[in-house]
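The values are calculated or read from the model by the stated rules, or taken from the named source; none is laboratory data. From a predicted model like this one, the values you see are computed outputs, not experimental measurements. Note that we place each Cβ from the backbone using ideal geometry, even for glycine, and neighbour counts take in every protein chain shown. Accessible surface areas use protein heavy atoms only, side chains included; no ligands, DNA or RNA. Shrake-Rupley method; radii C 1.70, N 1.55, O 1.52, S 1.80 Å.
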Amino acid sequence: MRPVERGDIPIDPNTGIPIVFTQYSQAKSHLIDRVGEYCSYCERSINHLLHVEHIQPKAARPDLERRWDNFLLSCVNCNAAKGHEELILSDYYWSDRDNTARAFEYLENGNVCVNPSLNESEQKQAQRTLELIGLDRFPGHPKFSPRDNRWSQRLDTWGIAKRKLKQLQENDTPDKRDDIVELAQAKGFWSLWMTVFREDTDMLKRFINAFPGTCQTCFNDQFQPIPRPGGAL
């Protein structure tokens, strides 16, 4: 899960003061400007089906319905899996406050699992996060639905990324590197590209810089994930 920086409340250019949202949907364009047209959970590229996501569900916490710091972006599948119950936020990892790039491993078969290098407590928290948004749902999972295409899209994107890695290894040029980054931006699934190209520090740097709002302080000078300052992971 890509760690992002949502930033402070946007400023109204006409008044020079922070925007007061009268409807939460008004925040969508500002969120896209900050973190791109990607689901904050599954990372796929979504346009018209991308919604303003309430970290604390608005049904449970109507007082937070129009709060900028309660907003992310979400696809319909992640939003539906997350549900409408009030959450104890510290039970989970969040892309806007933790280094969620450390939480999970992305596998060649399209599945997502908890990062085994985490300590026991971190693994439990990562597992709760995985289950909360349903990233562990794939054929055979009791809650898997054929209408939930997150798994199949991860599988397809992994195959594309592997082919692009092989092509780059056979003929490495700056243009090919640029083309791969553009393709990654179009497809989404940042974590898959970071996983497939994990041995190529130049490509890791390019992916981190190319996806809007990726938290730079979540990575060391070799572009490997490190604990996020102020975060739980």
Calculated log₁₀ intensity ratio I(q)/I(0) where the Debye formula runs over C-alpha points of the chain, q = 0.11, 0.13, 0.14 Å⁻¹: -0.56, -0.78, -0.91
So what J values fall out for region 152-161 if you push phi through Karplus, 6.51 cos²θ - 1.76 cosθ + 1.60 with θ = phi - 60°, rounded to Hz, Gly and Pro as x? 5, 5, 4, 4, 4, 5, 4, x, 5, 4
Under-5 Å amide H pairs with VAL114, H placed in peptide plane, nonlocal only: GLU105
Where only alpha carbons of region 1-88 are counted, the Rg and the Dmax (Å): 12.8, 39
I need the phi-derived Karplus couplings for region 99-116: 6.51 cos²θ - 1.76 cosθ + 1.60, θ = phi - 60°, integer Hz, Gly and Pro marked x. 8, 5, 5, 8, 7, 10, 10, 10, 10, 4, 7, x, 7, 10, 9, 5, 5, x
Considering only protein heavy atoms and a 1.4 Å probe, what is the carbon-and-sulfur percentage of the accessible area of region 94-233? 48 percent
With angles folded into 0 to 90 degrees, how steeply does helix 120-133 sit against the dominant principal axis of the chain? Use alpha carbons for both and round to 10. 70 degrees
For PHE219, other-chain or 5+-apart residues with amide H closer than 5 Å (H placed, Pro excluded) are ILE226
For GLU37, residues with placed amide H under 5 Å, excluding near neighbours: none
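If contacts are Cα pairs under 8 angstrom and at least 6 residues apart, what is the relative contact order of region 112-165 in percent? Kindly include the intermediate steps, with their values, before the conclusion.
Numbers: 20 pairs, mean separation 12.8, N = 54.
With pairs under 8 Å counted, the relative contact order is 24 percent.
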Average the reciprocal distances over every distinct pair of alpha-carbons in region 108-203, invert the result, and give the Kirkwood radius in Å. 15.0 Å
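Give LYS28/LYS166; LYS143/LYS205; LYS143/LYS187; LYS28/LYS143; LYS124/LYS162; LYS58/LYS162 a once-over and call out the pairs whose C-alpha atoms are over 32 Å from each other. Show your work: numbers first, answer last.
Working: LYS28/LYS166 37 Å; LYS143/LYS205 36 Å; LYS143/LYS187 25 Å; LYS28/LYS143 29 Å; LYS124/LYS162 30 Å; LYS58/LYS162 40 Å.
The pairs that break the limit, which is 32 Å between Cα atoms, are LYS28/LYS166; LYS143/LYS205; LYS58/LYS162.
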Any chance you could check the Cα centroid distance between region 71-142 and region 155-223 for me, in angstrom? 22 Å
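Report relative contact order for the chain in percent, whole number only (criteria: Cα-Cα under 8 Å, sequence separation at least 6). Could the numbers behind the result be given before it?
On the way: 349 pairs, mean separation 56.3, N = 233.
In percent, rounded to a whole number, it is 24.
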Kindly provide the helix-only [θ] at 222 nm of the chain, computed as the sum of -39,500 (n - 2.57) over DSSP H runs of four or more divided by all residues, to the nearest 500 deg cm²/dmol? -10500 deg cm²/dmol
Among GluC sites (Glu not before Pro) in region 124-233, those in a DSSP loop whose Cβ has at most 15 other Cβ atoms within 10 Å are GLU199
Crossing angle, helix 174-187 versus the chain [Cα axis fit, 0-90 degrees, rounded to tens]: 40 degrees
Once Lys and Arg are counted +1 and Asp and Glu -1 for all other residues with Cβ under 9 Å from that of ARG34, the total becomes -1
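Rounded to two decimal places and with Rh computed the Kirkwood way over Cα pairs, what is Rg over Rh for region 88-156?
On the way: Rg = 12.4 Å, Rh = 12.7 Å.
Using Cα coordinates only, the ratio equals 0.97.
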Along region 195-200, what does the Karplus equation 6.51 cos²θ - 1.76 cosθ + 1.60 (θ = phi - 60°) give for ³J(HN,Hα), rounded to whole Hz, x for Gly and Pro? 6, 5, 9, 4, 8, 10
Would you look at the GNM of the chain, springs on alpha carbons closer than 10 Å, and say which of THR15, THR201, THR157 moves the most? THR15
